[in-house]
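Below is one structure; the comments refer to it alone.
The values are calculated or read from the model by the stated rules, or taken from the named source; none is laboratory data. On a predicted model such as this, the values are computed, not experimentally measured, just so you know. Every residue, glycine as well, gets a Cβ built from its backbone with ideal geometry; the counts of neighbours run over all protein chains shown. To get the accessible areas, we keep the full protein, side chains included, count just its heavy atoms, and leave off ligands, DNA and RNA. Shrake-Rupley method; radii C 1.70, N 1.55, O 1.52, S 1.80 Å.
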Amino acid sequence: MTNKVLLNGRFVDEKDANIPYNDRGYNFGDGIYEYIRVYDGTLFTVKEHFERFLRSAAEIDIDLEETVESLTQTVQSLIDENNVQNGGIYIQATRGASPRDHAFPGPDVKPQIMAFTKSYGRPFEELENGIFAVTVEDIRWLRCDIKSLNLLGNVLAKEYAVKYNAAEAIQHRGDTVTEGASSNVYAIKDGVIYTHPINNYILNGITRQVIKNVAEEADIPFKEETFTVDFLKNADEIIVSSTSVEVMPVIKLDGEAVGEGKVGPITRKLQEGFNQKIEESHNK
Ligand code: PDD
């Protein structure tokens, strides 16, 4: 059975899911997206994801005429249709299809919404053993708070990581660590978690919000402060987080062991708390 893709309110077969050549997402990257996890058939932190989706749209003046509730209903029916138990849902909205011109089209051009699902399990092996990361200069635009389809800076950073056999690239603007190519970054030193404050230089990660809650509940200090690449290199533990990688330990940075070169105790505590949050999401 082929998977269905959501195209502007209709479910179509994957092979028939075509986008017009002059869609502004395709021509300009003029649109926004979200990626939401499904655990045992339940959408995780879906409200937070769709609040951010609507905020991203509003920040670039795309009027979606949707609500958190309507979007949740739509993706839930796609998950049911494709029978996703464990996996995720990608949803994007573009400013619509119209003859190529940088300026916005008129009000007759409507946003185009597309969503597809993926089925896969949690990354247990990496969560247990940790991953390698490299550092790279952050060359992205100055509105990284918008989850924009324009991911060229992120794509180049990730490819740099792949080139050096790492799973993630940790970006920095000058000396200041910002975030990963597709994750938020945390340095843990002397029992304190440090992470970049929420502003235009990083995405306000939903997983970051969950980790912040877990840390507060466990009485682990969580400091939203900038830190340098040097500070990161001298951290006891490093974590990257995202919807797909959850609370992911980094055990090697630029080829050097992080702390003792193995997953540390604060990381383990945060992972346990995160698992608890997944459990709780089933009982809501
Ligand atoms: N990316 N920062 C960037 C640049 C990201 O691309 C992501 C996630 C995050 C973490 O956000 P969250 O915890 O809400 O997933 C931070 C997703 C997974 C993606 O692009 O597929």
Query raised in the report: Within region 247-265, is even one residue touching a Lys or Arg at 6+ places or on another chain (Cβ under 7 Å), in the same structural domain as GLY174 (by TED's automatic domain parsing), outside any helix (DSSP H, G or I) and closer than 30 Å to PHE50 by Cα?
Result: no
Report task. Confirm whether THR67 is of a type in the set (Ser, Thr, Tyr), more than 15 Å from the ligand (Cβ to nearest atom) and surrounded by fewer than 21 Cβ atoms within 10 Å (Cβ to Cβ). Result -> yes
Requested in this report: Look at ALA187 and say whether it is touching a strand residue (DSSP E or B) at 6+ places or on another chain (Cβ under 9 Å), of a type in the set (A, V, I, L, M, F, W, C) and within 28 Å of PHE222 (Cβ to Cβ).
Outcome: yes
Query raised in the report: In the list ALA218, ALA187, which residue meets the criterion of being at negative phi and either free of Cβ contacts under 8 Å to residues at least 40 places away in the same chain or more than 16 Å from the ligand (Cβ to nearest atom) (or both)?
Result: ALA218
Query - Residue that is least open to solvent (accessible area, probe 1.4 Å) [pool: residues in region 108-135 that are without any contact (Cβ under 8 Å) to a residue 40 or more places away in the chain and either of a type in the set (Val, Ile, Thr) or farther than 27 Å from PHE11 by Cβ (or both)] - result: VAL109
Report summary line: SER281 meets each of (1) surrounded by 15 or more Cβ atoms within 10 Å (Cβ to Cβ); (2) farther than 23 Å from ILE36 by Cα with one exception, condition (2)
Report task. Being in contact (Cβ under 8 Å) with a residue 40 or more places away in the chain and within 13 Å of the ligand (Cβ to nearest atom) is the filter here, so list the residues in region 137-151 that pass it. Result -> ASP138, ARG143, CYS144, ASP145, ILE146, LYS147, SER148, LEU149, ASN150, LEU151
Report summary line: Of those in region 226-250 that are open to solvent by 20 Å² or more (accessible area, probe 1.4 Å) and among the hydrophobic types (A, V, I, L, M, F, W, C), the residue nearest to the ligand (Cβ to nearest atom) is VAL245
Query raised in the report: Counting only residues that are charged (D, E, K, R) and outside any helix (DSSP H, G or I), which one in region 75-102 is nearest to the ligand (Cβ to nearest atom)?
Result: ARG95
**Report entry** Near pairs, Cβ below 6 angstrom, 6+ apart or cross-chain, from region 41-55 (free of Cβ contacts under 8 Å to residues at least 40 places away in the same chain) to any residue that is part of a strand (DSSP E or B)
**Finding:** VAL46/ILE36
Query raised in the report: Given the structure, is ILE139 of a type in the set (A, V, I, L, M, F, W, C) and open to solvent by 60 Å² or more (accessible area, probe 1.4 Å)?
Result: yes
Report task. State all residues of region 158-177 that are part of a helix (DSSP H, G or I), more than 15 Å from the chain's Cα centre (by Cα) and either touching a residue at least 24 places away in the same chain (Cβ under 8 Å) or buried (at least 22 other Cβ atoms within 10 Å of the Cβ) (or both); if no residue qualifies, say none. Result -> TYR160, ALA161
Query raised in the report: Has region 29-51 got at least one residue that is more than 28 Å from GLY121 (Cα to Cα) and more than 16 Å from the ligand (Cβ to nearest atom)?
Result: yes
Query - All positions within region 120-156 that are over 17 Å from the mean Cα position of the chain (by Cα), assigned to a strand (DSSP E or B) and among the polar types (S, T, N, Q) - result: THR135
Query raised in the report: Has region 87-97 got at least one residue that is open to solvent by 80 Å² or more (accessible area, probe 1.4 Å), outside the structural domain of ARG208 (by TED's automatic domain parsing) and at pLDDT 95 or above?
Result: no
Report summary line: Note on region 30-52: residues open to solvent by 30 Å² or more (accessible area, probe 1.4 Å) and in contact with a Phe, Trp or Tyr (Cβ under 9 Å, 6 or more places away or on another chain) are TYR33, TYR35
